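All remarks here apply to the structure that follows.
We did not get these values from a lab; they are worked out from the coordinates using the rules stated. Treat the numbers as computed from the prediction; the structure is a model and nothing was measured. Reconstructed Cβ throughout: ideal geometry from the backbone, glycine too, with neighbour counts over all protein chains shown.
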Amino acid sequence: MSLLIKEIEKAQNNKTAIGHFNISNLEMFKGVLAGAMNLSPEGKTPVIIGLSESERKYIGTEETVGFVQKLRTETNYPVFINADHCKTYESAEEAVQAGFDSVVIDNSKLSLNENIEATKRTTAILKGIKFDILVEGEMGFIGGSSKLLDQIPSEVQVTEDTITKALDAKRFAEETGIDMLSPAVGNLHGVLKNFLNPRLNMERIKEIAEAVNIPLVLHGGSGVAKEDIQEAVKSGMSVVHFSTDLRVAFRKGLIELVEDYFPNNPNEVAPYKYLTIAVKAVEEVVTQKLELLN
């Protein structure tokens, strides 16, 4: 049994959740780790580092895995790495071969039957490569990217009739052989600029949690009301993803650099000094999110 699934099962039993934080560069990774250590320097607050296909391409797949694994080995801190939203088998296989702890197979745009068949096929092959790899399947399309939104994308459905149904989730989990399930329960990727994201359907979360025998994962945690995040965890979510909020924080840190730091420090040219402002902004957000989950 992998160390990650042990941590997730522990969160399940304690009605807490593990924070999953997507990063776009290694500065954001430093911010995530610092935010986690604010709560637990001794390593009692595990975190999952997420990289989408684009983020992996920018940072480097093997480079990031090496960085995370080295840190985990040297410090014994429970930090893990997840290949988020693998849209093809080749993408998922690359992550498994590189040493990721888990992968998300994203066939959420397909019909239920097509999603089950594609996810089942990919899961079986990945388990053959690495038997203890954690595979997450995704049901229901909740948007394609982590960004600021003027409105809910037209292709994203968040009504009670269109979100994931418990019986479908049960069938999906049983037939695909996945280890974790990410359902659509009113959540969406990205953050609405002028108002909070839609409310999560707590009753549906509870129904799905009772119907399946595997941990549930909430994608699109950014922009969701704090009370909804906490209630979703109590209702059965064991991992919660955050991305857009971290990107916004990092960008605000860069804006502060341009508007305040550089005018007052015109001769400073060392990135490792001035980028700490953006890293600190990410750190603060991560600490706040982890307090919600624990």
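Grab the DSSP H runs of the chain that are 4 residues or longer, score each as -39,500 (n - 2.57), total them, divide by all residues and round the 222 nm result to the nearest 500 deg cm²/dmol.
Values: 12 runs with 142 residues, N = 294.
Computed mean residue ellipticity for the chain: -15000 deg cm²/dmol.
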Which one is right for this structure if semi-axes √(5λ) of the Cα gyration tensor in Å is calculated from it: [x] 30, 22, 18; [y] 26, 23, 21; [z] 38, 29, 17?
[x]
Could you give each residue of the stretch 96-106 its phi-based ³J(HN,Hα) in whole Hz, using Karplus coefficients 6.51, -1.76, 1.60 with θ = phi - 60°, and x for Gly or Pro?
5, 5, 6, x, 4, 7, 7, 9, 10, 8, 10
Most exposed first, judged by fewest Cβ atoms within 10 angstrom, 72, 204, 251 run 251, 72, 204
For the stretch 260-272, Karplus couplings with θ = phi - 60° (6.51, -1.76, 1.60), whole Hz, Gly/Pro x
10, 5, 5, x, 8, 9, x, 9, 7, 10, 8, x, 5
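Can you pick out the pairs among 30/120; 6/206; 6/57 whose Cα atoms lie more than 32 Å from each other? Before the final figure, lay out each step's value.
Working: 30/120 35 Å; 6/206 22 Å; 6/57 29 Å.
Listed pairs above 32 Å: 30/120.
Using the Kirkwood formula over every pair of different C-alpha atoms, what hydrodynamic radius in Å results for the stretch 41-131?
On the way: mean 1/r = 0.0716 Å⁻¹.
Result for the stretch 41-131, one decimal place: 14.0 Å.
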Only Cα pairs under 8 Å and at least 6 apart count here; give the relative contact order of the chain as a rounded whole percent.
22
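What ranking do 21, 131 get, fewest neighbouring Cβ atoms within 10 angstrom at the top?
Values: 21 28, 131 8.
Sorted ascending by nearby Cβ count, the order is 131, 21.
Sorted from fewest to most neighbouring beta carbons within 10 Å, what does the list 217, 212 look like? Provide the component values of the computation, followed by the final result.
Values: 217 25, 212 21.
Final ranking by Cβ density, sparse to dense: 212, 217.
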Would you kindly state the longest site-free stretch of the chain, with sites defined as GluC sites (Glu not before Pro) in a DSSP loop (not H, G, I, E, B) surrounded by at most 12 other Cβ atoms within 10 Å?
43-154
Distance (nanometres) between label positions extended 7 Å along Cα→Cβ at residue 262 and residue 109
3.7
HN-Hα J couplings of the stretch 9-19 from phi, Karplus 6.51/-1.76/1.60, θ = phi - 60°, integer Hz, Gly and Pro as x?
5, 5, 4, 3, 5, 8, 6, 10, 9, 8, x
